[in-house]
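The values are calculated or read from the model by the stated rules, or taken from the named source; none is laboratory data. This one's a predicted model, so the numbers in the text were calculated from it and none came from an experiment. All Cβ positions, glycine included, derive from the backbone under ideal geometry; neighbour counts span all protein chains shown. Ligands, DNA and RNA are stripped out before the accessible areas are found, and what is left, the full protein with its side chains, is counted by its heavy atoms. Shrake-Rupley method; radii C 1.70, N 1.55, O 1.52, S 1.80 Å.
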Amino acid sequence: MHPLLLTTLAGLSTGLGGLLAVVCRPTQRLLAVSAGFAGGVMLVASLTDLVPGALRFYRGYLPPLGCGGAVVLLLAAGMLLAALLGHLLPEEAELADRVAGDAARTAALRTALFTGMALLLHNFPEGVLTYFAGTADPSLGLRTTLAIALHNIPEGLAVAVPFAFALRSRLGGALAALASGLAEPAGALRAMLFLRRWFTPGFLNGTVVLVAGVMLWVALAQLLPSAWACPHRKTGLLGIAAGVLVMLLGIAALP
């Protein structure tokens, strides 16, 4: 299969998570479990998959302390980037008019915007990674596509449910999830046409750690507090536990 097609399939899987917003009525309980689940997935993906992979790469070029320092600095830069981008998003008071002043829907809309921003940043290097994996080795490309597609499903859920709840549009939530996933083929297409010579292994690993920092910040600053503060706190905690366990199982099954 053409590497660009593989990347497109991986990105479209985000829309599968968005289908939950169409099938199920978006309630505060579903909002809590989806925020918790997505936060658990992002924590585990960052700390047990993205960061360890980069550490293994940098150990081949740097002494242990330098390797750890490089990864920590990149993670911190990703967190700072996410925090700065968060300040650029409209505050809840500015979003209130769009949801008729409903506080719960206003908070959900800001969560959706924050999460969607993070996933757009996250999906771009994923698309590049899938494209180059498929170019180098078709079987590796297929395995990479499957692994990324499976963890894109809960990411789509994380975007679709708060959008659907805030805007009272299930279709709108599903389309928002699909749009965030399209960053993957967009990243692959740009890499194929313009940026091939810049995407060295060192650059790609650095980008992956930077994005892991963005995901950690979004999980810790937005998704997990949303799950915890919701009236359905126990449901949110169950979502966190499920996200952690499912992502660990996926990483173990599809290394």
Of 42, 117, ordered by accessible area with the largest first and a 1.4 Å probe, the sequence is 117, 42
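Quick check: at a probe of 1.4 Å, how many percent of the accessible area of the chain sits on carbon and sulfur atoms?
73 percent
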Toy charge model, Lys and Arg Cβ at +1, Asp and Glu Cβ at -1: the chain dipole around Cα centroid in debye, rounded to 20, equals 260 debye
Mean Cβ-within-10 Å packing, highest first, puts peptides 119-128, 159-168 in the order 159-168, 119-128
Along the dipole axis of the chain (charges at Cβ: +1 for Lys and Arg, -1 for Asp and Glu; origin at the Cα centre), the most positive-end residue among 185, 214, 81 is 185
Cα-based Rg and Dmax for the range 210-255, in Å, come out at 12.3, 37
Among 150, 172, 131, the residue whose Cα sits farthest towards the positive end of the charge dipole of the range 114-190 (+1 at Cβ of Lys and Arg, -1 at Cβ of Asp and Glu, taken about the Cα centre) is 172
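Would you mind getting the accessible area per residue of the range 1-87, heavy atoms of the protein chains only, 1.4 Å probe, in Å²?
48 Å²
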Scaled by the rule-of-thumb 2.2 N^0.38 Å, the alpha carbon Rg for the range 102-190 gives a ratio of 1.21
Quick shape check on the range 7-47: root eigenvalues a ≥ b ≥ c of the Cα gyration tensor, a/c under 1.5 is rounded, otherwise prolate if a/b tops b/c, else oblate, and it reads oblate
Per the charge dipole of the chain (beta-carbon charges, Lys/Arg positive, Asp/Glu negative, Cα centre), the residue among 71, 239, 45 reaching farthest to the positive end is 239
